[in-house]
1. Just name the residue that is least open to solvent (accessible area, probe 1.4 Å) out of those in region 277-294 that are among the β-branched types (Val, Ile, Thr) and in a loop (DSSP other than H, G, I, E, B).
2. Going through Arg302, Arg277 one at a time, which residue ends up being at pLDDT 90 or above, basic (Lys, Arg) and under 30 Å from Asp568 (Cα atoms)?
3. Can you find a residue in region 462-484 that is open to solvent by 60 Å² or more (accessible area, probe 1.4 Å), of a type in the set (Val, Ile, Thr), touching a residue at least 40 places away in the same chain (Cβ under 8 Å) and within 20 Å of Asp406 (Cα to Cα)?
4. Confirm whether Thr614 is surrounded by 15 or more Cβ atoms within 10 Å (Cβ to Cβ) and farther than 20 Å from Gln474 by Cβ.
5. Report, ordered by the first and then the second residue, all pairs with beta carbons closer than 7 Å, sequence separation of six or more or different chains, a first member in region 139-150 that is open to solvent by 70 Å² or more (accessible area, probe 1.4 Å), and a second member that is modelled with pLDDT of 95 or more and not in a loop (DSSP other than H, G, I, E, B).
6. Starting from residues that are part of a helix (DSSP H, G or I) and in contact with a Phe, Trp or Tyr (Cβ under 9 Å, 6 or more places away or on another chain), keep the ones in region 847-868 and report whichever is farthest from Ile928 (Cα to Cα).
7. Considering only residues that are in contact with a strand residue (DSSP E or B) (Cβ under 8 Å, 6 or more places away or on another chain) and under 23 Å from Glu542 (Cα atoms), which ones fall in region 490-507?
8. In region 533-552, which residues are among the acidic types (Asp, Glu) and either in contact (Cβ under 8 Å) with a residue 60 or more places away in the chain or closer than 30 Å to Gly315 by Cα (or both)?
Amino acid sequence: MISSSVRSFKRWPIAAGLCVGLLLSVGLLRSNVAVGQAAPAGATLDETDYGKWERLGGATLSPEGDWMATPIRRVNDKNVLRIHHTEQDSTIAVDFGRDPSFSADGRWLAYSIGMSEEKREKLRKQEKPVRRTLGLLNLQTGDTTLVPSVADFAFSDDGRWLAMMRYPPQEAPDGMEGADLLLRDLQSGTYTSFGNVSDFAWQDEGPRLAMTIDGAEQAGNGIRLYNAASGRLRTLASEPGDYTGLSWQPSGTGLAAMRARSSDDWEHKTHVVLAWRNLAGGPVETHRFDPAEVDVFPDSLRIVEYRTPEWATDGDRLFFGVQKREAAEENDDENGPAADSAAADSSLEEYDPADVQVWHTSDVEIIPWQEVRAEHDRQDNFLTAWHLDAGEASVWTRLGTERTEDVEVLHGGDRAVGLDETPYRQERMFGPVYHDLYVIDVTTGERKRVAQKVQYWEGPSPNGRYLLWLKDDQYHTYDVQQGETATVTADVPVPVVDTADDHTVEQKPPFGVAGWTEGDRSVVVYSEYDAWRLAPDGAESERLTKGRADSVEHRYVDLTEEDPGEPDVIPRNEPLYWSLYDEWTEEHGYARSTQLTATPERAVWKPKMVTGLTRADSADVYAYRVEDFEDSPDYFRAGPALADAEPVTDTNPFQEEYAWGRSELVTYETADGKTLQGALFYPANYDPEKSYPMITYIYEIRSPSARNYVVPTREHPYNTTVFTQEGYFVFQPDIRYRPRDPGRSAVDAIVPAVQKVVDTTPVDGDRVGLTGHSWGGYQTTFTATQTDLFAAAVAGAPLTNMVSMYNSIYWRSGGTDARIFEISQGRMEVPPWEDMDAYVANSPLHHIESLNTPFLMAFGTDDGAVEFNQGVEFYNAARRAGKQLAFLVYDDENHGISKQDKNSVDYRNRVLEWFDHYLKEETGPSWIEDGIPYLKQIEQKKEEKKASR
């Protein structure tokens with residue numbers, strides 16, 4: 001029996017840390033083919049075959065579920081939108097189509113059509129605009145209408161009308177954003193055109209279309225409202241200015257917008273907020289919040305454009321953002337004091353400030369982080385409530401302050417919750433982010449602190465009565481109406497946090513919250529395998545699923561579609577669906593329960609990846625996606641039982657013409673006695689009578705992605721399918737970490753895992769390679785200094801010196817690497833000066849004398865995650881120690897070496913050359929053994945450039 005702590009560890013495969021992007025193309029699976037069975041004969045892939053391979057995008061179902069639209073991205077960028085009839089063998093393909101949208105009545109499909117990269121580049125060289133076309137498919141007749149130069153589109157709620165926004169004129173005056181908007185009546189086929197429209201918004205459940213008008217020199221600017229049913233067009237606002245922020249009252253007849261106003265006295269524009277109510281009929285109410293006309297609104301504040309006005313549900317309030325204004329710089333006229341001063345000293349030169357930044361140890365966030373976030377910080381604003389029915393006495397309330405910048409209005413609009421992190425600013429420098437929680441009275445602005453030092457804030461209940469957070473391994477609620485706090489998980493007999501998570505943090509992360517039931521009657525939270533219904537006062541708890549019995553994770557699948565403005569709740573008396581996952585067999589599926597408290601019954605259960613369950617809006621038609629390493633992803637159509645599914649899509653059907661690899665799970669025991677797993681991929685055209693080389697790819701936990709289909713590509717250096725097509729076994733073992741010992745933990749997992757594969761398969765133990773990128777590159781580098789098990793190693797962007805890396809900056813975000821090392825991926829818990837022995841013991845650089853494995857390392861000079869100098873340090877040390885190392889330096893490349901295709905392809909080719917040379921004993925290019933002198937490299941690039949012509 002494997003302990004629950006080992007099982008649950010798989011749920012956290014990727015920590016916040018150095019790199020996640022390069023994991024996407026590395027897939028795993030568990031095979032249905034017996035070990036030792038030969039693969040079916042067939043041709044292996046050539047690079048020229050890669051281009052046609054397809055990646056399946058998300059499925060969009062029509063309201064009745066009879067049509068499905070799926071975008072396809074091909075490796076060669078010749079993308080296509082496929083439109084499938086789900087009950088007939090009928091498919092329509094649209095080259096370069098994307099963004100499909102069905103009308104609510106199910107009669108029409110609109111989509112955007114682009115063009116090839118070659119055509120885009122040609123237009124750019126000709127200085128011609130690149131424009132997309134709108135496609136409109138009549139699903140009843142099959143007729144297609146193409147409308148050129150459409151930038152955006154949207155159906156009305158009932159599906160009768162389609163609004164299409166065109167692009168602004170190429171020679172439009174500066175500041176003019178208006179363009180033509182076409183409105184098609186899909187019943188009659190007629191068009192109505194509107195000019196100089198900069199934005200539009202359909203009313204929920206109504207035929208009204210609101211438009212902002214932006215013409216040349218503000219001519220005719222304003223807000224216009226068109227009733228598509230009656231054909232009536234009226235102007236709601238027409239004062240000069242730029243109009244933005246269209247916002248309809250959810251499922252109502254209120255509309256809001258903003259008009260900009262400039263002032264010579266202030267640096268930035270402020271805005272007048274406009275609101276109209278009862279637009280569906282009867283006397284229209286017009287409201288206006290003008291900062292210049294509200295006596296209690298200070299001149300030092302402005303209403304910002306960054307936050308679109310939001311309506312309270314019942315339409316009695318609007319919420320917008322304000323921030324401090326900056327006074328405009330004084331411009332002395334030519335006869336003023338400045339002119340006199342200049343005349344007095346004609347030699348006075350214009351002052352040029354020094355290019356200096358002041359960094360200080362008191363900075364809560366270091367200056368590079370502040371610099372990266374500067375634009376975001378400039379947009380920080382404070383939420384403000386405008387009370388439309390309050391009269392002049394108390395027309396507005398500022399809810400956000402310097403202490404509670406982050407404010408969320410609770411459902412109904414009478415109260416809000418504010419988060420204050422200021423008491424914990426010093427702790428945030430190197431530790432978790434904590435907040436105090438405040439309940440705010442929206443009418444008066446009064447606030448009351450209800451919780452302190454909260455790390456995991458889960459948000460308010462849908463109806464706004466309760467606040468929910470996790471602290472000290474328990475969930476807690478605050479009753480906003482009664483003013484009472486309760487611990488709601490005290491009677492749950494299993495942890496609701498992942499106690500096996502190996503990051504060095506005091507509070508382990510929770511398994512999560514499914515949601516709340518109607519009326520805020522109960523909240524549903526997760527344990528390791530199950531879901532629990534909890535009374536918000538802590539008086540009752542009930543287990544809803546039975547996953548622990550067979551170690552199958554159950555998670556709620558939200559298929560509900562609420563009306564705008566309505567709370568998002570878990571139905572209590574309707575059928576529900578649960579996703580299922582067994583982390584030790586890598587089986588996936590779905591279960592169905594007749595209501596919330598009924599026992600879920602398995603509906604789909606496969607030794608494959610089963611994901612993406614979705615439901616048609618107006619029918620009991622469902623779809624889900626199935627894939628594994630040998631089976632290209634496809635969507636299946638099903639009824640409510642799910643078991644009667646039939647395939648709809650058919651991606652990569654040509655795969656059957658080629659030999660393909662397979663894989664299986666391998667269970668092994670680490671050096672410190674932990675039971676883990678890894679995914680082993682067999683070569684294409686596998687012959688059990690032969691001996692094979694193997695490439696081991698590492699990055700924390702890899703087996704949870706065991707069912708992924710991996711599309712072959714030249715642009716990815718560690719592509720599993722490419723490796724298997726090249727005749728390699730590929731092994732991806734899981735790694736579990738001990739505190740302050742990440743390098744040696746990796747070795748203690750990797751070495752016995754590889755040895756297990758060598759002992760049980762036809763892998764040649766003398767021809768095993770090791771590779772990884774970023775954190776996986778670090779583990780590769782460290783492992784290569786600890787064992788001679790591997791015949792070759794490749795590390796992309798590895799950190800090599802834990803001490804210097806701790807004191808580096810994660811330039812991609814501007815933050816310090818110290819937090820990553822102490823509480824995140826590094827798992828070091830303390831700074832180097834508190835445990836220097838641990839830092840040195842886990843640094844590859846400090847074991848360079850033990851590196852006996854031929855080593856290839858790659859870095860981009862502009863790496864924003866791992867300092868380029870980490871590579872330079874290791875290169876210099878290896879050179880001084882006389883080790884066999886090649887260092888690939890890609891100028892101006894970032895962490896993934898993917899900014900330019902030519903570089904990513906080059907790196908991928910060199911990885912294969914390196915492994916082919918050392919694992920297949922092929923004669924490799926001279927750079928592997930001897931390097932290339934600088935001038936010769938220059939000559940080679942010139943020759944390559946000539947050859948490309």
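The values are calculated or read from the model by the stated rules, or taken from the named source; none is laboratory data. All figures in this text were calculated on a predicted structure; none of them were measured in a lab. Note that each Cβ is placed from the backbone with ideal geometry, even for glycine, and that neighbours are counted across all protein chains shown. The protein model used for the area step is the full one, side chains on, heavy atoms only, and it has no ligands, DNA or RNA in it. Shrake-Rupley method; radii C 1.70, N 1.55, O 1.52, S 1.80 Å.
1. Applying the filter and picking the extreme gives Val294.
2. Working: Arg302 fails: under 30 Å from Asp568 (Cα atoms).
Residue meeting the stated conditions: Arg277.
3. No, there is no match, as no residue in region 462-484 is open to solvent by 60 Å² or more (accessible area, probe 1.4 Å), of a type in the set (Val, Ile, Thr), touching a residue at least 40 places away in the same chain (Cβ under 8 Å) and within 20 Å of Asp406 (Cα to Cα).
4. yes
5. Thr144/Gly135; Thr144/Leu136; Thr144/Leu137; Leu146/Thr133; Leu146/Gly135; Pro148/Thr133
6. Taking region 847-868 as the starting set, the residues that turn out to be part of a helix (DSSP H, G or I) are 847-850, 868.
Imposing the further condition that a residue be in contact with a Phe, Trp or Tyr (Cβ under 9 Å, 6 or more places away or on another chain) reduces the set to 847-848, 868.
Numbers: His847: 23, Ile848: 19, Phe868: 21 Å.
Filtering first and then ranking leaves His847.
7. Taking region 490-507 and keeping what is in contact with a strand residue (DSSP E or B) (Cβ under 8 Å, 6 or more places away or on another chain), we get 490-492, 496-498, 507.
Answer for region 490-507, where residues must be in contact with a strand residue (DSSP E or B) (Cβ under 8 Å, 6 or more places away or on another chain) and under 23 Å from Glu542 (Cα atoms): Ala490, Asp491, Val492, Val496, Val497, Asp498.
8. Filtering region 533-552 down to residues among the acidic types (Asp, Glu) leaves 537, 540, 542, 550.
Residue satisfying the conditions is Asp537 alone.
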